[in-house]
């Protein structure tokens, strides 16, 4: 007989977060709201993930901002 799949693996939804969309947003509040909206079906706590993601996006914004000479 075939073994059943490990519990929980088939329940993991595949999510896509558009980083460019987040970079185009005006504020961290708007970004946070958008990511929370995407993760609405996620049953695990998302606060730490969202915080880390916003921190990385802030770093990316600094890289994308042209430096004045």
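The values are calculated or read from the model by the stated rules, or taken from the named source; none is laboratory data. This one's a predicted model, so the numbers in the text were calculated from it and none came from an experiment. Note that we place each Cβ from the backbone using ideal geometry, even for glycine, and neighbour counts take in every protein chain shown.
Would you say residue 56 is over 9 Å from the mean Cα position of the chain (by Cα) and modelled with pLDDT of 90 or more? Step through it out loud before you land on a result.
On the way: over 9 Å from the mean Cα position of the chain (by Cα): yes; modelled with pLDDT of 90 or more: yes.
So residue 56 fits the description; yes.
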How about the range 1-46: which of its residues are loosely packed, with under 10 Cβ neighbours inside 10 Å and modelled with pLDDT of 85 or more?
-> 16, 20, 26, 27, 37, 40
